[in-house]
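Below is one structure; the comments refer to it alone.
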Amino acid sequence: MLYQLYETQRALMAPFSEFASASAKLYNHPLSPFTHTPMAQRVSAGFDLVHRLAKEYEKPQFDIRGATVDGVQVAVQEQVAIEKPFCRLLRFKRFTDDPTALGDMKTQPVVLIVAPLSGHHSTLLRDTVKSLLTGHKVFITDWTDARMVPADKGPFHLDDYVAYIQEFIRHVGPEVNVISVCQPTVPVLAAVSLMASAGEFTPRTMIMMGGPIDARKSPTAVNNLAMNKSHEWFEHNVIYRVPQNYPGANRRVYPGFMQHSGFVAMNPDRHMSSHYDYFLDLVRGDDDSAESHRQFYDEYNAVLDMPAEYYLDTIKTVFQEFALVNGTWVVRGKPVRPQDIKTTALLTIEGELDDISGAGQTRAAHGLCTGVPESRRFHYDAEGAGHYGIFSGRRWREHVHPKVSEFIARYGNGLSASVAPAKRKPTAQAAKKRAARRK
């Protein structure tokens with residue numbers, strides 16, 4: 001019922017939002033006589049703010065048309081490599097006529113970015129993709145809004161998520177380097193573990209960023225909610241059916257508007273201050289700051305519905321049973337054994353100020369991947385970075401991205417295909433022979 005009430009409210013607010021948008025332009029357009037009335041700039045700014053608070057935010061586009069490779073500007077085309085009911089695997093194909101840049105691009109490592117299915121669209125990682133395109137072939141998971149998936153496509157569980165990741169890794173091939181951001185660190189580790197246990201190839205590198213590998217460490221407000229409420233509470237209080245005006249009518253989902261309310265409730269003062277600053281920027285005519293605000297909130301306010309089965313599975317497996325770290329997780333009858341991973345180099349990254357995944361949660365992967373030699377396992381703490389700062393913005397571009405690129409360049413060059421055998425200690429007899437030769 002709550003979802004239907006929300007849809008009714010959205011439909012009622014739509015004309016008011018459009019009216020506010022038109023009124024903002026009426027008091028701001030240079031050819032309008034109202035522009036020259038007293039307080040016109042403030043009136044226009046007020047209407048513009050009302051429009052943005054009341055409007056519906058559609059899924060943004062990546063809109064990445066080009067990249068710079070070795071100083072050469074190349075074209076970028078977004079292609080669909082695999083399309084499945086709940087996800088598309090996108091490839092950002094680069095094109096150029098420059099023979100030197102073309103040769104470099106052919107030899108550059110390939111990266112599969114696994115975006116989170118946790119409220120926001122994968123376009124939240126636009127900055128991640130842009131940066132990596134300068135030196136890598138890039139694929140990314142683009143998860144589908146569950147309300148747009150017809151009910152006859154069936155449910156989508158956490159096990160299905162793991163299976164999707166395995167299929168995408170196999171499609172990209174043995175040369176793949178996997179980057180998982182936030183929520184997918186857990187299913188990605190499961191997918192790679194299962195492939196290792198089955199004797200399949202595994203990615204050359206795994207980069208895990210700000211994810212709840214072990215949510216018991218430094219629990220945040222998000223972790224506490226998931227751990228302190230029962231599984232039944234979540235099923236009865238946050239799961240609703242999609243209304244009839246969407247292709248996924250009657251599908252059980254965790255609605256995006258509820259997730260967005262939770263995001264805002266975590267830092268209400270920060271959002272109120274941000275909107276007030278936007279109003280002042282419009283009054284002052286600071287177009288650059290106002291546009292920066294619009295771009296951020298166009299992305300932040302665009303949310304998707306998550307399949308109920310997947311969401312409830314994640315709550316139970318990751319935040320209540322801690323099945324991965326306890327060694328009790330079984331996916332489609334097969335145990336998840338991270339210790340079976342032998343040839344994949346591991347890099348974990350955490351933000352110093354991360355209020356979503358606390359300190360130590362991602363780093364816990366090192367204690368699970370004991371089959372990977374210590375010489376191929378690394379951790380990086382991004383000083384001053386919050387949760388979003390480790391994959392977007394200035395700190396990502398200036399600090400985290402160079403670390404990621406350096407790691408892939410060093411360990412994503414094919415060495416993961418085999419591990420050099422450990423040196424055996426010489427026997428006593430051999431030691432005596434060596435000593436005699438020295439004499």
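The values are calculated or read from the model by the stated rules, or taken from the named source; none is laboratory data. Quantities reported herein were computed from a predicted structural model and do not represent experimental measurements. As a convention, Cβ positions derive from the backbone with ideal geometry for all residues, glycine included, and neighbour counts pool all protein chains shown.
Residues in the range 350-372 that are of a type in the set (A, V, I, L, M, F, W, C) and outside any loop (DSSP other than H, G, I, E, B) were compared, and the one that is farthest from Ala115 (Cα to Cα) is Leu368. Taking the criterion of being over 10 Å from the mean Cα position of the chain (by Cα) and under 30 Å from Phe257 (Cα atoms), the only residue of the range 94-118 that qualifies is Leu112.
Screening the candidates Ser405, Ser375 for the property of being surrounded by fewer than 20 Cβ atoms within 10 Å (Cβ to Cβ), under 18 Å from the mean Cα position of the chain (by Cα), among the polar types (S, T, N, Q) and not in a loop (DSSP other than H, G, I, E, B) yields one hit, Ser405. Every condition in (1) aromatic (Phe, Trp, Tyr); (2) surrounded by 17 or more Cβ atoms within 10 Å (Cβ to Cβ); (3) free of Cβ contacts under 8 Å to residues at least 24 places away in the same chain is met by Phe95 except one, and the failing one is (2). Checking Thr100, Thr68 one by one, the residue that is touching a Ser or Thr at 6+ places or on another chain (Cβ under 7 Å) and either among the small types (Gly, Ala, Ser) or in contact (Cβ under 8 Å) with a residue 24 or more places away in the chain (or both) is Thr68 and no other. Regarding the range 395-408, can at least one residue be identified that is within 27 Å of Glu175 (Cβ to Cβ), in the same structural domain as Ala115 (by TED's automatic domain parsing), touching a Lys or Arg at 6+ places or on another chain (Cβ under 9 Å) and among the β-branched types (Val, Ile, Thr)? Yes - at least one qualifying residue is present in the range 395-408. Sub-6 Å Cβ pairs linking a first residue in the range 279-293 that is within 18 Å of Leu53 (Cβ to Cβ) and not assigned by TED's automatic domain parsing to the domain that holds Thr35 to a second residue that is hydrophobic (A, V, I, L, M, F, W, C) and part of a helix (DSSP H, G or I), at least 6 apart or interchain, number zero.
Just one of the numbered conditions (1) assigned by TED's automatic domain parsing to the domain that holds Ser21; (2) closer than 30 Å to Lys403 by Cβ; (3) touching a residue at least 40 places away in the same chain (Cβ under 8 Å) is not true of Thr343; which one? Here Thr343 clears every test but (1). Put simply, of Val80, Val74 the only residue that is part of a strand (DSSP E or B) and either surrounded by fewer than 18 Cβ atoms within 10 Å (Cβ to Cβ) or free of Cβ contacts under 8 Å to residues at least 12 places away in the same chain (or both) is Val80. On the stretch given as the range 281-315, residues that are surrounded by fewer than 17 Cβ atoms within 10 Å (Cβ to Cβ) and closer than 20 Å to Phe156 by Cβ total 0.
Count of the range 125-155 residues, restricted to those that are touching an Asp or Glu at 6+ places or on another chain (Cβ under 6 Å) and either basic (Lys, Arg) or part of a loop (DSSP other than H, G, I, E, B) (or both), is 3.
The single residue among Thr220, Thr205 that is buried (at least 24 other Cβ atoms within 10 Å of the Cβ), closer than 30 Å to Pro402 by Cβ and not hydrophobic (A, V, I, L, M, F, W, C) turns out to be Thr205.
For the criterion of being over 19 Å from Leu89 (Cα atoms) and either buried (at least 22 other Cβ atoms within 10 Å of the Cβ) or modelled with pLDDT of 95 or more (or both), Ala198 passes. The condition of being surrounded by fewer than 20 Cβ atoms within 10 Å (Cβ to Cβ), within 28 Å of Lys137 (Cα to Cα), at pLDDT below 95 and under 18 Å from the mean Cα position of the chain (by Cα) holds for only one of Gly414, Gly393, that being Gly393.
State all residues of the range 294-329 that are charged (D, E, K, R), in contact (Cβ under 8 Å) with a residue 40 or more places away in the chain and either within 27 Å of Leu49 (Cβ to Cβ) or assigned to a loop (DSSP other than H, G, I, E, B) (or both); if no residue qualifies, say none. Across the range 294-329, the qualifying residues are Arg294, Asp298, Glu299, Asp305.
Scanning the range 258-280 for residues that are closer than 23 Å to Glu232 by Cα, buried (at least 17 other Cβ atoms within 10 Å of the Cβ) and either at pLDDT 90 or above or polar (S, T, N, Q) (or both) turns up Met258, Gln259.
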